[in-house]
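Undergrad: This is the structure, below, for whatever I ask next.
None of the figures in this text is laboratory data; all of them are computed from the coordinates on show. Everything quoted here is computed from the prediction, not taken from an experiment. Cβ placement follows ideal geometry from the backbone for every residue including glycine, while neighbour counts extend to all protein chains displayed.
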Amino acid sequence: MTFYLIRRVAIGIFLLFLMSAMFFTLTRVTPGAPISVGENPRIHQATITLRLHRLGLVDEQGNSYSIPQQYVLYLGALVHGDLGDSYVNNERVTTLLMQRLPNSILLLGAALLVALAIGIPLGIFAATRQYSKLDMTTSVVSYVGVSIPSFVLGLYLLLIFGVLLKQSPLHWGFPLFGMHTGGVDDPIDLLYHMVLPVTSLAILQIAIFSRFMRASMLEVLHQDYIRTARAKGLSIEKVNYKHALRNAILPIITLVAIAIPQIVNGAIITEGIFSWPGTGQLAFQAVVDRDYPVILGVVMLVAAGATPDQLSIETTIQQERQLAKPGAKADELGGAPELGFWRLAVMRFLHHRTATGALIILGTIVLAALVYPIVTGNLYAIQDYRHPYKPPFASLQHLFGTDDLGRDELARLLRGARVSIEVGVLAVVGYLIIGGTLGALAGFYGGWLDNALMRFTDIIISAPFLLVVIAITAATGGVRLSTVIIVIAATGWYEIGRLMRAQFLVLREQEFVQAARALGASNSRIIVRHILPNALAPIIVSATLGVSGIILLEAALGFLGYSIPPPEPSWGNMLQEFEQYLLDDKAYLVIFPATALVITALCINLIGDGIRDALDPRQR
Amino acid sequence: MDLAIGKTRWLRVGALFGAIAMLVAACGTNQAANGGETPKNGGTLIWAIDSDATSLNPFVISTLPEFRIMSFLLPNLYSVDKNLNVVPDLADGLPSVSSDATVWTVKLKKNAKWSDGTPITADDVIATEKIQADPNLDTDYGYDWSKVKTVEKVDANTVKFTLSEPFAPFLAVNLVGYIAPAEVYGKIDPAKIRNDPVSKNPTVFGGPYKLDKWIPGQEFDFSANPTYFNGRPHYDKAIAKVITDATAAANALINNDVAWHPSLGESGAGGISKAKQSSNVVVHTYQDLSYIDFRMNERKGHIFDKLETRQALSSVLDKASIVQAATQGAGAPLWGDIVPASWAYNANAIVKYPLDVNKAKQYMQQAGWTIGSDGIAVRTLADGCSACTPVIKPGGQQKFVGKIRVRAGKPDRLKAAEIIADQVKQIGMSLTPDPTDFKVFYPPIMKGQFDVFIAGFSLNADPDDWSTASSAQLQPEHKQGQNWTGYSNPELDKLIDQERATVKATDAETKAARKPIFDKIEKIISGDVQTYMLWADVSSMGWSSNVGGVVAGNGDNTIYLDSEYNVSARAGWFSKSGK
């Protein structure tokens, strides 16, 4: 055990080292120098040299260090726990992080605790009362939960508490922003301030925890020893809470490890919306300012804090995918034995009512997004800037009203749908190409490729993904749709890669593969003709769910201004543009894109789960 | 608003600017404006600040929020009143000017004290000047004391500035601004001032408040300075809360979480209108000294190199409607580069191009552009253009295609870019908005590699436009300066030099003598479309109705200095409820 721990710690340090090298290089080859424009033109070269020297960029004489030299200096300082100086804040990065970290831990910790306190009991109740109304409700809620990104939820909460309930006693006086004046010396007031940001961060985790807990509990409840315990006369309560729960709750622990980077991602935007002075806000401002030492510092901090047992995470991800199924009853489909696997799967999918319903809704959206431009041309771009803000549902000509430049809101929403779908599909294709190929090769051949793949995914899992994507997008000249797609594809393929690898690892040992090899089939033939078709099922599910993840990610990027730029509409940049109208009579400009986003993500998630059920061989 | 015309027009760091923040007016409380209520002491003023400070050292800071914090803590030598007249604050009367207009003598009030009890003297004024003028000073702010030859102490309360030549902006540009304690800052090596501990933790104050505590990223806690030379402020305490999200800050004001939101305008039309609808909020709107324009690269071979092309642009755009749609009332259409709030503004001196699409098309033809089959204008460039992207060979065809560089996170400018891009299609111009983060916004512009950019400039109380219009300030042709357009006009240069050298015995006489010269300057700048002006900012500020003593500006050609920059006026605010 000691040896194992030492090994894990060593790997963890190695990963941090690798990550720092990657990010360090990235930040040094991109534009946005510490002393650039906006600064004093009359300043003496000697003073500039002094400052650059302090930042570890030049030597005392003002000669530039090469990037490897800079990196060695950075590492030297890093060993002493020093992350260098901020380019902007006239402060050590470690000091900045230490100022902000307690606030973030407070917020994230509270969100995590709330999620556990609500999610786990909810999952247990749902499992012990399978197919009851409570179970169904939990399922529905958890589906919606995973389909609402925390920042959209934040906007909805502002709308609810800032407008709808404002005049009612239900307002409860929750402040719409930030932290209590004067820090943390008034705990009650602080709690009040935390309600909205914590809620918006916790909902997603509640959804995940309750789904996982329910599945895990159900699995345990079907074990023989539970039946034995019941047969021996133990009460249901005792069996459920004493025997089953103890075993079911174990995997949750690793799930918490995955939740941390997820919550950090959410916090980057949520802290901004609610003006919470944490590291997420610091990190985002650092991206805007191209304050690379701070970005690097936050990435390292999160990675160091979230370098949990990678292996168990991997298993948990697999388990989560397998277990966390909805409360919908699996179809009891007889299935004529002569039917092929795929045909059977399609039939089974079509019998899955929620999934087909979702498919119809999504199909309508996609179809409308494709057909509408053919009928209306570039209506989405036609301005009537002298007569803006036609309200929705007032005329047939502009059913959803018009925006601030008098452009048709419906046309813009559908154009935005195109952007979302385009990014979602193309990035997933990227996942499949990169992750599929690398995963297959790693799984089939093993060796260094396998090791490299696993280490890379370790890095990605522990990094704050959203921050990484924003930083890369900003650093690479950003705000082009193609860049966004490439960056998402290049950083997000790991899950499919791992899944593919796992499939290949198992399948390459199967008898039919050995048979093919014995018959003299080449490796490429075995990979393409024999293993691949058998490995596809979970990949398809993962890819489908990947699309919704990417759509939400793109919206988050758009909301932060790092996706496709206006005048081209995307749901994310529409949310960004009109956030100011949230508390206004023009709130429809926020509600429409937010709702479109949630509905689309929800549909895709439901379809993904439908496909999973349909492809699950255990249900054959 | 990216550019501050402080000591000279210079880039504003972040979204904000420093120069205007230094115009601290000295008019005391206006009893008539208190709504009949008698000011009383007590209570805490909680207000919203839109970003944290990177330093609390007056010599290092460069952003508006930072200067706003500083204006609670330090006095000004001179300030500017709401009619943009320079008025004494720490100084005792306006400076006297020698007959050759090169020696300026300033007297100080005798009763002024720092918070540690020591008097504020000529030594402090001289030390402040010396530090600002030191080329080794590690600052992001563009201090310019290059016209000053010597600064001498005549006695404890008198300072003499000797200039190398007559320089009219000296009063409003160099003498308006903060004074810092020599005892504290004079001892620091200016090259190392940025990281000196006092930069994070100032100890001696001379403004209406003292700083008790700074919780980075969260808030600044102030308490009243009982020895403030204009009398102690009415509030016992003040707290500046950092609320980075503009919408959240507007919500905070509406929900009574903060009592003053100075940058309400940043929350957009939605935030402003919501605040105006709230019964517990008082919103004041005033014309600002900053403007937004559409600045073209006019160097040879670039798409906007010909006067006729720029005239075509001017004629195809309906400025008033565009400004209304883009700013929703938070901007006043502008044609010249002197804003209506300035004393030098003269509506009759400006050339305006009325909306006339046919005329615009004619201008395009005169400039040599013909509309191609794809609707985009083309021309043949005999000399080619090696600095253009893409490079055009001599005799090659050039299409009218370009990018409008615009700051990310500035919705009104982006709106303007979107409308302009749509409108100019009519005359064959294909322009695409290109939102860019501030940190990477200017480098290509400073290298002359751009087509058009929309940016903000801030004037100070002096309307001098040397740094953006004189050919001595061409960049990248010269090392420094902000005339990025490449526009060069010897006649204009002469007028600008003349306006800068006109100094009379009194400020009023100087203004009167400079005004006709500014009229000629504005005629050239607007007629030649040196830059396509868009609007002058109309700013909004919100107060809780519980704040008494707030003096509203009259809204006509005046900047509402009382609230924004006037430390003494702020000292006159009080809490009606006493809380």
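Undergrad: Using a 7 Å offset from the Cα along the Cα-to-Cβ direction at both residue B:383 and residue B:165, what is the distance between the two label points in nm, to one decimal?
TA: Reported label-point gap for residue B:383 and residue B:165 is 2.9 nm.
Undergrad: Another question, then. Answer with one residue from A:111, A:65, A:475: the one whose Cα lies farthest towards the positive end of the charge dipole of chain A, charges on Cβ with Lys, Arg +1 and Asp, Glu -1.
TA: Of the listed residues, the answer is A:111.
Undergrad: So what are chain A's ellipsoid semi-axes, whole angstrom, largest first, if each one is the square root of 5 times an eigenvalue of the alpha-carbon gyration tensor?
TA: In descending order, the three semi-axes are 39, 33, 28 Å.
Undergrad: Separate question: Could you calculate the contour length gain from residue A:367 to residue A:134, that is, 0.36 nm times the residue separation minus the distance between their Cα atoms, to one decimal place in nm?
TA: 80.4 nm
Undergrad: Sticking with this structure for a sec: Sequence gap of 8 or more, or different chains, plus Cα separation below 18 Å: how many lysine pairs satisfy both in chain A?
TA: 5
Undergrad: When you have a sec, figure out the Kirkwood radius of the protein assembly as shown from all distinct Cα pair distances and drop it here in Å to one decimal?
TA: In the protein assembly as shown this quantity evaluates to 32.6 Å.
Undergrad: Using Stokes-Einstein with the Kirkwood hydrodynamic radius over Cα pairs, what translational diffusion coefficient do you get for the stretch A:93-315 at 20 °C and a viscosity of 1.002 mPa s, in µm²/s rounded to a whole number?
TA: Once the numbers are plugged in, D ends up at 112 µm²/s.
Undergrad: How long are the semi-axes of the ellipsoid equivalent to chain B, from square roots of 5 times the Cα gyration tensor eigenvalues, in whole Å, largest first? Before the final figure, lay out the partial values.
TA: Values: eigenvalues 346, 154, 89 Å².
Semi-axes from the Cα gyration tensor: 42, 28, 21 Å.
Undergrad: Take peptide B:402-413, look around each residue's Cβ out to 10 angstrom, count Cβ atoms belonging to other protein chains, and average those counts.
TA: Going residue by residue through B:402-413 and averaging, the value is 2.
Undergrad: Which far-off residues, 5 or more places away or on another chain, put their amide H under 5 Å from the one on residue B:49, with H placed in the peptide plane?
TA: It is B:241, B:242, B:243, by chain and number.
Undergrad: Taking the Cα centre of chain B as the origin, how large is its charge dipole in debye, to the nearest 20, when only Lys and Arg (+1) and Asp and Glu (-1) carry charge on their Cβ atoms?
TA: 440
Undergrad: With the dipole of the protein assembly as shown worked out from charges on the C-beta (+1 for Lys and Arg, -1 for Asp and Glu) around the Cα centre, which of B:265, B:59, A:188 lies farthest toward the positive end?
TA: The residue sitting farthest along the positive end of the dipole is A:188.
Undergrad: Provide the FRET efficiency to the nearest 0.05 for the residue A:304-residue A:505 pair, computing r from the beta carbons and using R0 = 35 Å.
TA: About 0.75, to the nearest 0.05.
Undergrad: Roughly how many debye, to the nearest 20, is the charge dipole of the stretch A:93-315 about its Cα centre, given +1 on each Lys and Arg Cβ, -1 on each Asp and Glu Cβ, and no other charges?
TA: With Lys and Arg at +1 and Asp and Glu at -1, about 920 debye.
Undergrad: Report, as an integer, the average count of C-beta atoms from other chains found within 10 Å of each Cβ along B:240-246. All intermediate terms of the calculation are to be shown ahead of the outcome.
TA: Values: counts 0, 8, 5, 5, 11, 11, 3.
Rounded to a whole number, the mean comes out at 6.
Undergrad: Mind checking the dipole of the protein assembly as shown: about its Cα centre, +1 per Lys or Arg Cβ, -1 per Asp or Glu Cβ, Debye to the nearest 20?
TA: I would put it at about 2620 debye.
Undergrad: Provide a whole-number value for the mean count of partner chain Cβ atoms within 10 Å of the Cβ atoms in peptide A:574-583. Display every interim value, and only then the final one.
TA: Numbers: counts 0, 0, 3, 4, 3, 9, 13, 7, 6, 12.
Counting Cβ atoms of other protein chains within 10 Å of each residue's Cβ and averaging gives 6.
Undergrad: Compute the relative contact order of chain B as a whole-number percentage, counting only Cα pairs closer than 8 Å that sit 6 or more residues apart in sequence. Show your work: numbers first, answer last.
TA: Numbers: 1411 pairs, mean separation 138.2, N = 579.
That works out to 24 percent.
Undergrad: What relative contact order, as a whole-number percentage, does chain A give when Cα pairs under 8 Å and 6 or more residues apart are counted?
TA: Values: 840 pairs, mean separation 95.2, N = 620.
The normalised contact order for chain A reaches 15 percent.
Undergrad: What is the distance, in nm, between label points placed 7 Å from the Cα along the Cα-to-Cβ direction at residue A:95 and at residue A:227?
TA: 6.7
Undergrad: Given Cα positions, please report Rg to Rh for the stretch B:399-528, the hydrodynamic radius being the Kirkwood one.
TA: On the way: Rg = 17.4 Å, Rh = 16.8 Å.
So for the stretch B:399-528, dividing Rg by the Kirkwood Rh gives 1.04.
Undergrad: Now for a separate question. I'd like to compare A:10-17, B:493-500, A:422-429: which one has the highest average count of other Cβ atoms within 10 Å, and what's the full order after that?
TA: Packing proxy ranking, top to bottom: A:422-429, B:493-500, A:10-17.
Undergrad: Shifting gears a bit: Could you sort the peptides A:224-231, B:139-146 by per-residue average Cβ neighbour count (10 Å cutoff), highest mean leading?
TA: Output ranking for A:224-231, B:139-146: B:139-146, A:224-231.
Undergrad: Using +1 at the Cβ of each Lys and Arg and -1 at the Cβ of each Asp and Glu in chain A, identify which of A:155, A:571, A:365 lies farthest towards the dipole's positive end.
TA: Farthest along the dipole direction, towards plus: A:365.
Undergrad: Continuing with this model, one more query. From the backbone phi of the stretch A:299-304, what are the Karplus-calculated ³J(HN,Hα) couplings (6.51 cos²θ - 1.76 cosθ + 1.60, θ = phi - 60°) in whole Hz, Gly and Pro given as x?
TA: 3J(HN,Hα) across the stretch A:299-304, in whole Hz: 4, 5, 4, 5, 5, 5.
Undergrad: Taking the Cα centre of each part, how many Å lie between the stretch A:98-141 and the stretch A:201-225?
TA: Using only Cα atoms, the two centres lie 11 Å from each other.
Undergrad: Would you mind putting A:63-71, B:423-431 in packing order, based on average other-beta-carbon counts within 10 Å, highest first?
TA: On the way: A:63-71: 13.3, B:423-431: 19.8.
Per-residue mean Cβ counts within 10 Å order the peptides as B:423-431, A:63-71.
Undergrad: Pop the C-beta distance of residue B:223 and residue B:577 into the FRET formula with R0 = 22 Å and round what comes out to the nearest 0.05.
TA: The pair residue B:223/residue B:577 has a calculated efficiency of 0.70.
Undergrad: Once you place label points 7 Å from the Cα toward the Cβ at residue B:497 and residue B:348, how far apart are they in nm?
TA: 3.0
Undergrad: Quote the FRET efficiency, to the nearest 0.05, computed for residue B:189 versus residue A:72 with a Förster distance R0 of 25 Å and r equal to the Cβ-Cβ distance.
TA: On the way: r = 29 Å, r/R0 = 1.16.
E(calc), rounded to 0.05, equals 0.30.
Undergrad: Where both residues lie in the protein assembly as shown, what percent of DSSP beta bridges are antiparallel, nearest 5?
TA: Counting only bridges with both partners in the protein assembly as shown, antiparallel ones make up about 75 percent.
Undergrad: Provide, for the stretch B:80-178, the number of lysine pairs with alpha carbons under 16 Å apart, each pair being eight or more places apart or on different chains.
TA: 11
Undergrad: What number results when the radius of gyration of the stretch A:373-454, computed over Cα atoms, is divided by 2.2 N^0.38 Å?
TA: Ratio of Rg to 2.2 N^0.38 Å for the stretch A:373-454: 1.90.
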